[in-house]
Amino acid sequence: MTRAGAPPGAAALSEKAPAKVNLALHVLGRRADGYHSLSSLVAFAGAADLLAFAPDPELSLTVAGPTARAAGPAEDNLILRAARNLAACRPGVKLGSFSLTKRLPVAAGIGGGSSDAAAALRLLARANDIPPDHPALVEAARLTGADVPVCLRPQMRMMEGAGEVVGPPLGLPPLFAVLVNPRVPVETPSIFRELGLERGGEFTIQGEPARPVIPPGGSGTRADLVAALASLRNDLERPAIAVAPVIAEVLAALRGTADCALARMSGSGATCFGLYPDCHAAARAAHALRAKQPDWWISATLLR
Ligand code: C5P
């Protein structure tokens, strides 16, 4: 949360929009409205987009940065949808001009668009003196997309329901990770479709929540958390690999790096993460992966 380099006279604010990583994601069933009931442990990365905002009578957005082109036309961006949803939930809210530096891969299972939208809501809250937990902000997030509420306050937490039920920060230790995206976009609805659950059906894959249970006697260390994560899963991995087989290659490449304790897909893919015992092991793994796959997006990062 910083003051951006503002033109004279305009008070510009900026926020990072960190990548969201589903450390585990269990699909519990499919609701009558077609959305899936989920239980997911969500963390946030150092890898992020950057969003700046300056008050202005007109709502506008410009997008630049390495992945700007993949993000599509600015008028379709979730940032504008989030701003309009907040204006509808809280009449009189002052809008302005947003400037997005897009660095994260798009349609990648790391909630880039959702995190950008959540950052826009945080910026509007700051500019309008709206408290961060104000119901209008939470409602605008929910209306904008299933992953936006959890991105509103980016800390490791549980996400349930279709995404709108967000738990408190868990206070778990940060994890050293490498994120890998093979630059193959994956459309979330196609992966849920591939899962093939009946609308309104009671079918559950395995009904337990994706909540890490630190073993009795465990001291809540990073190693305990990684061990607890190993017994959880991402239920979207199988259907995502069926749609985009390169995801299996990404997982194999991560598992082949030295000291990789766990490799798993995030969200509906194609980004996968590997977990490592320390930042040096993560940096070494990222280096080795870049040497083998120079075209993949690879980021060594802390998840918290
Ligand atoms: O809410 P959002 O537009 O981000 O969701 C994208 C798509 O992902 C939905 O249209 C739906 O197909 C699928 N989805 C789902 N269950 C969820 C979240 C998303 O089926 N809990």
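The values are calculated or read from the model by the stated rules, or taken from the named source; none is laboratory data. Note that the coordinates shown come from a computational prediction; the quantities given were computed from them, not determined experimentally. Here the Cβ positions follow ideal geometry from the backbone for every residue, glycine too, while neighbour counts run over all protein chains shown.
Per-structure values
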{"quantity": "Close pairs (6 angstrom Cβ cut-off, 6 or more residues apart or separate chains): more than 24 Å from A107 (Cα to Cα) in region 133-154, within 16 Å of the ligand (Cβ to nearest atom) and among the aliphatic types (A, V, I, L, M) anywhere", "calculated": "L137/L121"}
{"quantity": "Where a residue in region 281-295 is touching a residue at least 40 places away in the same chain (Cβ under 8 Å) and its partner, wherever it lies, is among the acidic types (D, E), with Cβ under 6 Å and at least six apart", "calculated": "A281/D259"}
{"quantity": "Cβ-Cβ under 7 Å pairs, at least 6 apart or on other chains, region 260-274 side without any contact (Cβ under 8 Å) to a residue 60 or more places away in the chain and surrounded by fewer than 24 Cβ atoms within 10 Å (Cβ to Cβ), far side not in a strand (DSSP E or B) and not aliphatic (A, V, I, L, M)", "calculated": "A261/P277; A263/R255"}
{"quantity": "All helices (runs of 4 or more DSSP H) inside region 174-282 with 1 or more residues being away from the ligand (no atom under 16 Å from the Cβ), under 20 Å from the mean Cα position of the chain (by Cα) and modelled with pLDDT under 95", "calculated": "222-230"}
{"quantity": "Test result for P154, touching a Phe, Trp or Tyr at 6+ places or on another chain (Cβ under 6 Å) and more than 24 Å from L251 (Cβ to Cβ)", "calculated": "yes"}
{"quantity": "Number of the exception - T2 against (1) modelled with pLDDT under 95; (2) surrounded by fewer than 17 Cβ atoms within 10 Å (Cβ to Cβ); (3) within 16 Å of the ligand (Cβ to nearest atom)", "calculated": "(3)"}
{"quantity": "Leading residue by the ranking (surrounded by the most Cβ atoms within 10 Å (Cβ to Cβ)) among those in region 19-34 that are part of a strand (DSSP E or B) and charged (D, E, K, R)", "calculated": "K20"}
